[in-house]
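Novice: Structure provided below as structure tokens; questions to follow.
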Amino acid sequence: MTAVETHSQAVGPLGDGPVPPLAVEGLRTAFLRRGERTEIVRDVSFTLERGKTLMLLGESGSGKSVTARSVLQLYGRNADITGSVRMNGKELVGVRDSEMRTIRGGVIAMVPQDPTGALDPLRRIGSQIAEVIRVHQRTPKQSAVRRAEELLAQVGIQDPKRVAASYPHELSGGMRQRAVIAIAVSCDPQILIADEPTTALDVTVQKQILDLISTLREETGTAVLMVTHDVGVAADYGDRVAVMYRGRLIEQGAARSVLENPQHPYTQGLLAAQPRPGVPRGTLPTMIAWSPEATGPEAVAS
Ligand SMILES: Nc1ncnc2c1ncn2[C@@H]1O[C@H](COP(=O)(O)OP(=O)(O)OP(=O)(O)O)[C@@H](O)[C@H]1O
């Protein structure tokens, strides 16, 4: 089954051009519980480009987080992951856990939804960042501590020395997410996976964090995969958008094309259901009318 490709060329995993930082092809993730197998991610393919953001957009429960976590092979034996996830051409599906641990936080870094869960509550922020630097880059302690403070400054923290000496509970949610981003970018990742990175934050802080990720991407050329259910975020920060519904990508393409001229009925319904100032929020007529089980999503050539 092919996702609708809106006004852009088909997403070949390798194509004729340079090897992309991340190429996912035919990814399937099923969870195994009490002998029962539930497939959550179904035949998902996409490619990340250097210095660009791909937005994985969809409703709650559509499988966005499971897709992101499957790329990082975060489920161990609880899930059966098949298909292909190539990082700079190297296959990640099936690699040993020990190797994946080096890749995570090294070439690929993740910014989770909730910064609180990502930080050790009993250790100072600076020491947590320095430890990641030392593990991945074998840097001496003193230079790792200095580098941690530089990173805190780079993610927009005004007084990095004080924040480095603080425990997570002494910081606001926005500051904690900045610290988590500092950890994520500490090893100069080529790929950053951000799973709804602003869900736990106040509205005003949300924009600051999204702007920060955008600035870091521009400065470093990191490829970003961001999970969101928010069409506005996808429009404002996405170069490309891939729309997910019930575990499948049903449409993907340049952000403007997908969001201004969606070809797939589900995407059309998703956009029509977005709240707009002064317009009462309607039901999801297209989504109710369209069911993948009934007809299967059709590929629309454009
Ligand atoms: N570890 C797991 N074991 C079994 N099922 C899971 C697991 N993690 C997620 N699921 C199921 O997979 C489905 C998709 O979840 P997922 O978290 O990927 O959705 P999502 O699109 O990211 O939405 P949300 O924004 O609400 O997290 C859900 O039905 C969820 O219950």
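Novice: What do you reckon, is residue 148 crowded, with 19+ Cβ neighbours inside 10 Å, aliphatic (A, V, I, L, M) and in a helix (DSSP H, G or I)? Spell out how you get there, then give the answer.
Specialist: Values: crowded, with 19+ Cβ neighbours inside 10 Å: yes; aliphatic (A, V, I, L, M): yes; in a helix (DSSP H, G or I): yes.
Here the answer is yes, as residue 148 does meet what is asked.
Novice: Assess whether residue 132 counts as being over 19 Å from the mean Cα position of the chain (by Cα), part of a helix (DSSP H, G or I) and buried (at least 20 other Cβ atoms within 10 Å of the Cβ). Full working, then the answer.
Specialist: Numbers: over 19 Å from the mean Cα position of the chain (by Cα): yes; part of a helix (DSSP H, G or I): yes; buried (at least 20 other Cβ atoms within 10 Å of the Cβ): yes.
Taking the combined requirement at face value, the residue satisfies it.
Novice: May I pose another question? Under 9 Å between Cβ atoms, which residue pairs at least 6 apart in sequence (or on different chains) link something in segment 152-164 that is under 11 Å from residue 125 (Cβ atoms) with a partner that is in a helix (DSSP H, G or I) and of a type in the set (Ser, Thr, Tyr)?
Specialist: If the second residue must be in a helix (DSSP H, G or I) and of a type in the set (Ser, Thr, Tyr), the pairs left are 164/127.
Novice: Another question about this same structure. Which one of the conditions (1) among the aliphatic types (A, V, I, L, M); (2) within 16 Å of the ligand (Cβ to nearest atom); (3) touching a residue at least 60 places away in the same chain (Cβ under 8 Å); (4) assigned to a strand (DSSP E or B) does residue 81 fail to meet, given that it meets all the rest?
Specialist: Every listed condition holds for residue 81 apart from (3).
Novice: If the Cβ limit is 7 Å and pairs must be 6+ apart or interchain, which residue in segment 30-43 that is at positive phi pairs with which residue that is modelled with pLDDT of 95 or more and more than 9 Å from the ligand (Cβ to nearest atom)?
Specialist: From residues that are at positive phi, the pairs are 43/26; 43/28; 43/248.
Novice: Would segment 42-50 turn up any residue that is surrounded by fewer than 16 Cβ atoms within 10 Å (Cβ to Cβ), more than 22 Å from residue 168 (Cβ to Cβ) and within 15 Å of the chain's Cα centre (by Cα)?
Specialist: Keep residues of segment 42-50 that are surrounded by fewer than 16 Cβ atoms within 10 Å (Cβ to Cβ), which gives 50.
Still in the running and more than 22 Å from residue 168 (Cβ to Cβ): 50.
Next cut, within 15 Å of the chain's Cα centre (by Cα) only: 50.
Yes.
Novice: Now for a separate question. Tell me which residues, restricted to segment 240-250, are within 17 Å of residue 25 (Cβ to Cβ) and away from the ligand (no atom under 11 Å from the Cβ). If you could, list the steps in order and put the result at the bottom.
Specialist: Quick first cut of segment 240-250, residues within 17 Å of residue 25 (Cβ to Cβ) only: 240, 242, 244, 247-250.
240, 242, 248, 249, 250 - these are the residues of segment 240-250 that are within 17 Å of residue 25 (Cβ to Cβ) and away from the ligand (no atom under 11 Å from the Cβ).
Novice: A follow-up question, please. How about segment 84-113: which of its residues are in a loop (DSSP other than H, G, I, E, B) and of a type in the set (Val, Ile, Thr)?
Specialist: Residues of segment 84-113 that are in a loop (DSSP other than H, G, I, E, B), as a first pass: 88-89, 92-96, 105-107, 112-113.
Once the filter is applied, which keeps residues that are in a loop (DSSP other than H, G, I, E, B) and of a type in the set (Val, Ile, Thr), segment 84-113 yields 93, 95, 107.
Every residue, every condition in (1) within 16 Å of the ligand (Cβ to nearest atom); (2) within 20 Å of residue 67 (Cα to Cα); (3) outside any helix (DSSP H, G or I), yes or no:
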position	(1), (2), (3)
180	no, no, no
184	no, yes, no
193	yes, yes, yes
198	yes, yes, yes
201	yes, no, yes
209	no, no, no
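Novice: Among the candidates 86, 101, 123, which residue alone is without any contact (Cβ under 8 Å) to a residue 24 or more places away in the chain and more than 16 Å from the ligand (Cβ to nearest atom)? Working first, answer last.
Specialist: On the way: 86 fails: without any contact (Cβ under 8 Å) to a residue 24 or more places away in the chain; 123 fails: without any contact (Cβ under 8 Å) to a residue 24 or more places away in the chain.
Just one listed residue meets the conditions, 101.
Novice: Looking only at segment 36-62, count every residue that is of a type in the set (Asp, Glu), modelled with pLDDT of 95 or more and within 10 Å of the ligand (Cβ to nearest atom) and tell me the total. Please lay out each step first, then the result.
Specialist: As a first pass, look at segment 36-62 and keep what is of a type in the set (Asp, Glu): 36, 39, 43, 49, 59.
When the remaining residues are screened for being modelled with pLDDT of 95 or more, the result is 39, 43, 49.
Of the ones still in play, those that are also within 10 Å of the ligand (Cβ to nearest atom) are 39.
The total comes to 1.
Novice: Among the hydroxyl-bearing types (Ser, Thr, Tyr), assigned to a helix (DSSP H, G or I) and surrounded by fewer than 21 Cβ atoms within 10 Å (Cβ to Cβ) - does that describe any residue in segment 220-236? Break it down into steps so the answer makes sense when it comes.
Specialist: Of the residues in segment 220-236, the ones among the hydroxyl-bearing types (Ser, Thr, Tyr) are 220, 222, 228.
Those still in the list that are assigned to a helix (DSSP H, G or I) too: 220.
Still in the list and also surrounded by fewer than 21 Cβ atoms within 10 Å (Cβ to Cβ): 220.
Yes: segment 220-236 contains one or more residues that are among the hydroxyl-bearing types (Ser, Thr, Tyr), assigned to a helix (DSSP H, G or I) and surrounded by fewer than 21 Cβ atoms within 10 Å (Cβ to Cβ).
Novice: Residues in segment 18-30 that are more than 15 Å from residue 246 (Cβ to Cβ) and either of a type in the set (Phe, Trp, Tyr) or within 14 Å of the ligand (Cβ to nearest atom) (or both): how many? Give the steps one after another, and end with the answer.
Specialist: At the first step, the residues of segment 18-30 found to be more than 15 Å from residue 246 (Cβ to Cβ) are 18-26.
Filter once more, so that each one left must be either of a type in the set (Phe, Trp, Tyr) or within 14 Å of the ligand (Cβ to nearest atom) (or both): none.
Count: 0.
The values are calculated or read from the model by the stated rules, or taken from the named source; none is laboratory data. Since the model is a prediction, treat every value here as computed from it, not as a measurement. Glycine also receives a Cβ, built like all others from the backbone with ideal geometry; neighbour counts cover every protein chain displayed.
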